[in-house]
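Written below as structure tokens is the structure these notes are about.
What follows is calculated from the coordinates using simple rules that are stated; it is not laboratory data. These numbers were taken from a predicted model, which means no experiment stands behind them. Counting neighbours? That spans all protein chains shown, and the Cβs are built from the backbone with ideal geometry, glycine included.
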Amino acid sequence: MNLILLVLAGIFVNNYVLSQFLGICPFLGVSKKVDTAAGMGMAVIFVMSLAAAVAWLVYNFILVPLNIIYLYNIAFILVIASLVQFVEMFLKKAAPALYQALGVFLPLITTNCAVLGVAVLNMQKGYNFIESVLNALGGAAGFALAIVLFAGIRERIADNDTPKAFEGFPMALITAGLMSIAFLGFSGLIKL
Amino acid sequence: MANPIKLIKNGIINENPTFVQVIGMCPTLAVTSSAINGIGMGLAATAVLVFSNIFVSLLRKIIPDTVRIPCFIVVIATFVTIIEFVLKAYVPTLYKSLGLFIPLIVVNCLILARAEAFASKNGPVAAAFDGIGMGLGFTIALGILGLVREFIGAGTLFDITVLPEAFPRTLLFVMAPGAFFTLACLMAILNHFRNKA
């Protein structure tokens, strides 16, 4: 039961983009069309769950036994960067269709701070393996939900008349702010 | 070698990371609930940026082109870890309030972008000044954002109460949505002046 709550909290209450400000760059950068936003969302769900699992293993089986926990940041970012590279090569060979859909988004994920953020958060909160993966899954699903909704809204307002000074980024930020208010409604729903 | 003053001015005004290039958005939005946090974050990122720029520039002829990005990341992550220790030891309150976003300086696109676009092509002195300029531009942007949000949301400036008690506080501005609105309005104001010019 707690595990289900963990996932739901990641999607709605502690939404990474709208309440914790993780992964803002892809959120603002790849959200002009719903299709690409959905592709990015799927790629993030896939990589983030995998990265959280691998980071947990590296932390508990390499960093802790060797007493080099202070190197966690360097270790995690290297794990994520090489994992992304590996996933890209693997998908290209094994699942070309999936690679076509997600390929262009994969390199961008290395610098998505939500991926590193979730690995660090899992470590700080002392989650076990299953909790870590589910926390990442929930967080990534929350990211996907936010970016798809955001892209949908941006498509609708793209042709609207906006004041000249607000064209482009400012309008996108206002939209994100309004969505963030909407997601504030979920706060306090689940206490962990 | 380029003029140091020109490099610094370029970072602060012409290519301001936040308002012109729109990079490094996560810490920009997340830690600017007060001016002190914003400036602290900006200075921490500046320190990392200056050192990583210098080292990337020194190593630019040794690092093979094909593996340069992982090499840059290792250099950046090393300095982030050092800064993390320094903050933890000397300013523990700031360390606590910045929290997760200190390790996340590693993935701040600003730092990697400067390593790739400037430091890997220029000498260490120019790279250092570029780092100072970009870092100050980032710090000033975060400071302004923090000041505005703190003033509207909590009625204080640098933790000193300036608005009378009776004046209503708009709490929303120190919460998540306020970050988006404040940045949007600041960018719109800048756009307005740019359109006029």
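The table that follows gives values for the structure above.
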{"item": "Ranking of B:THR32, B:THR182 by count of other Cβ atoms within 10 Å, fewest first", "result": "B:THR182, B:THR32"}
{"item": "Helix-derived mean residue ellipticity, 222 nm - over chain A, DSSP H n ≥ 4, -39500 (n - 2.57), to 500", "result": "-22000 deg cm²/dmol"}
{"item": "Dipole of segment B:4-192, positive end: most advanced residue of B:LEU172, B:SER120, B:ALA45 [Cβ charges, Cα centre]", "result": "B:SER120"}
{"item": "Furthest towards positive pole of dipole, B:LEU58, B:CYS109, B:ILE73, structure part chain B, Cβ charges", "result": "B:LEU58"}
{"item": "Neighbour-count ranking [beta-carbon atoms within 10 angstrom, fewest first] of B:MET134, B:MET41", "result": "B:MET41, B:MET134"}
{"item": "Contact order normalised by residue count of chain B, Cα under 8 Å, 6+ apart, percent", "result": "36"}
{"item": "Choice from A:LEU63, A:LEU83, A:LEU50 with maximal GNM fluctuation in chain A (Cα, 10 Å cutoff)", "result": "A:LEU63"}
{"item": "Compactness index (Cα Rg / 2.2 N^0.38 Å), chain A", "result": "1.07"}
{"item": "Shielding by other protein chains, A:162-175, mean Cβ within 10 Å", "result": "6"}
{"item": "Per residue convex hull volume, Cα atoms of the protein assembly as shown, in Å³", "result": "162"}
{"item": "Whole-number percent relative contact order across chain A, with pairs defined as alpha carbons under 8 Å at least 6 apart", "result": "45"}
{"item": "Electrostatic dipole magnitude of chain B [Cβ: Lys, Arg +1; Asp, Glu -1; Cα centre; debye, to 20]", "result": "380"}
{"item": "Given A:LYS125/B:LYS121; A:LYS32/B:LYS9; B:LYS9/B:LYS121; A:LYS33/A:LYS93; B:LYS6/B:LYS61, the pairs whose alpha carbons are separated by over 30 Å", "result": "A:LYS125/B:LYS121; A:LYS32/B:LYS9"}
{"item": "Expected 222 nm ellipticity per residue - DSSP helices of 4 or more, -39500 (n - 2.57), all of chain B, to 500", "result": "-21500 deg cm²/dmol"}
{"item": "Calculated diffusion of segment B:4-192, Stokes-Einstein form, Kirkwood radius summed over Cα pairs, 10 °C and 1.306 mPa s, µm²/s", "result": "93"}
{"item": "Order of A:CYS113, B:CYS26, B:CYS185 - criterion: other Cβ atoms within 10 Å of each residue's Cβ, fewest first", "result": "B:CYS185, B:CYS26, A:CYS113"}
{"item": "Computed magnitude of the charge dipole of the protein assembly as shown (debye, nearest 20; Cβ of K, R +1, Cβ of D, E -1)", "result": "420"}
